[in-house]
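The next block holds one structure in the form of C-alpha cells; read it before the comments.
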Amino acid sequence: MIAILGTGRMGTALGLNLAALSHKIVYGCRDPQRTDIVDLLKKTGGNASAAAVDQACAACDMIIIATPYSSMSDILGAMGNVGGKTVVDVTNALKMGEDGLMVMASDSSAGEEMQAAKPTAKVVKAFNTVGFHVIANPKITGGPVTSLLAGNDDSAKKEVGDLANQLGLETVDVGPIRQAQYLEGMSALYLTPYLQGRRDDAFEYYLRTGSKPVESKGTRPAG
Ligand SMILES: NC(=O)c1ccc[n+]([C@@H]2O[C@H](COP(=O)([O-])OP(=O)(O)OC[C@H]3O[C@@H](n4cnc5c(N)ncnc54)[C@H](OP(=O)(O)O)[C@@H]3O)[C@@H](O)[C@H]2O)c1
C-alpha cells in the first residue's frame with residue numbers, strides 16, 4: 001500500500017492514477033472525514049482509503065509527500081517514524097520572488113531537508129518537475145515526459161522509477177539527494193510560462209539518454 005500525504009492537485013492526480021493501476025493507496029490527511037475527502041474516496045474507487053497522516057505512514061512502506069513546502073515541518077512531525085521506508089518527495093522549496101517569478105525558499109532543498117530530518121528514511125525526489133495536469137494524463141503533452149530522480153538509495157530510486165514508468169513517465173537518475181536543489185530549481189523554470197501568462201509557451205522536461213563519450217580518458221568537468 002502507498003500513502004499519499006496531501007489531497008490537493010498532485011495528491012489527487014497521483015492517487016487516482018495509482019489506484020487505477022491497482023495499487024492500494026491511503027490518503028494521509030488532517031481530517032479524513034471531511035466531505036471533500038469522502039468525495040475523493042468515492043472518485044478514487046475501492047483501492048483507496050483515508051487516514052490521519054501518522055496512521056497512513058505506519059501502514060505503508062512507500063509514502064508520497066504532496067503537500068506544500070510551507071507545511072513541511074508540520075508534515076514531518078506528523079509522519080512519525082518512517083525509518084527504512086521509501087519517502088517520495090514531490091515538493092518544491094519555492095517562494096514568490098519580487099519579480100513575480102519563483103525563487104528558492106531553502107538554502108539547500110526540500111529533498112535534502114527531508115532526508116536530514118528523517119535520516120533512516122530512503123528519500124527520493126521525483127515528480128517535482130511534472131505538472132499535476134501531466135501526472136493526471138501524460139498523453140496530453142503529445143510526447144514523452146521525464147521525471148528526474150534523486151536519492152541516496154539506489155533500490156528506492158528503482159522502485160520509484162518503476163512507479164513513474166507505470167504512470168506513463170520516463171525517468172532519469174541524476175544522483176544523490178543533494179541534487180534535489182537543482183531539480184527544485186528546474187521546477188521554478190517550469191512554472192515561468194504560467195506565471196508570466198504565456199501558457200502557449202508551457203513546456204515539459206524530456207531528457208534523452210544515449211550520449212556516450214568517445215574519449216578513452218573518461219569525462220572531465222571544465223574547471
Ligand atoms: N501543482 C503542481 O502541478 C505541482 C507539480 C509538481 C510538484 N508540486 C508540488 O507538490 C506539492 C503539492 O502541490 P499541490 O499543487 O498539489 O498543492 P495543493 O493543491 O495546494 O494541495 C496541498 C495539499 O496539502 C495538504 N496540506 C497542507 N498542509 C498540510 C498539513 N500540515 N498536514 C496535512 N496536509 C496538509 C492540503 O490539505 P488541506 O486541503 O487540508 O489544506 C492539500 O491537500 C507542493 O509542494 C508543490 O510544490 C506541485
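Observations, loosely collected:
- Neighbourhood net charge (13 Å Cβ-Cβ; Lys/Arg +1, Asp/Glu -1) for Thr129: -3
- Other residues lying with their Cβ under 12 Å from the Cβ of Tyr194 contribute a combined charge of 0, Lys and Arg counting +1, Asp and Glu -1.
- Tilt relative to the chain, helix 180-195 - C-alpha long axis, 0 to 90 degrees, to 10: 80
- Principal-axis tilt of helix 35-44 within the chain, Cα atoms, nearest 10 degrees: 70
- Note on the chain: with a GNM built from Cα contacts shorter than 10 Å, the maximum mean-square fluctuation among Asp39, Asp162, Asp89 falls on Asp39.
- Average Cα contact separation per residue, the chain, under 8 Å, 6 or more apart, as relative contact order %: 17
- Gyration tensor (alpha-carbon) shape descriptor, the range 2-201, a/c threshold 1.5: rounded
- Top of Ile140, Ile64, Ile25 by mean-square fluctuation, Gaussian network on the chain, Cα under 10 Å: Ile140
- Springs between Cα atoms under 10 Å define the GNM used for the chain, and in it the highest mean-square fluctuation of Gly197, Gly161, Gly83 occurs at Gly197.
- Close Lys-Lys pairs in the chain, where close means Cα under 13 Å and separation is 8 or more or interchain: 7
- For Asp173, residues with placed amide H under 5 Å, excluding near neighbours: Leu149
- Solvent-accessible area per residue, Å², over the chain with all protein chains present [probe radius 1.4 Å]: 52
- Dipole magnitude of the chain, debye to nearest 20 (Cβ charges: Lys/Arg +1, Asp/Glu -1, about Cα centre): 420
- Loop-located trypsin sites (Lys or Arg not before Pro) in the range 189-218 (DSSP state other than H, G, I, E, B) with a sparse environment of at most 15 neighbouring Cβ atoms within 10 Å: Arg198, Arg208, Lys217.
- Positive minus negative residues near Ala52 (Lys, Arg vs Asp, Glu; Cβ under 15 Å): -1
- Helix-only CD estimate at 222 nm, as mean residue ellipticity for the chain, using -39500 (n - 2.57) per DSSP H run (n ≥ 4): -10500 deg cm²/dmol
The values are calculated or read from the model by the stated rules, or taken from the named source; none is laboratory data. Since this is a predicted model, take the numbers as computed values, not measurements. Glycine gets a Cβ as well: all are built from the backbone with ideal geometry, and neighbour counts include every protein chain shown. Remember, those area values only see protein heavy atoms, side chains included, never the ligands or the DNA or RNA. Shrake-Rupley method; radii C 1.70, N 1.55, O 1.52, S 1.80 Å.
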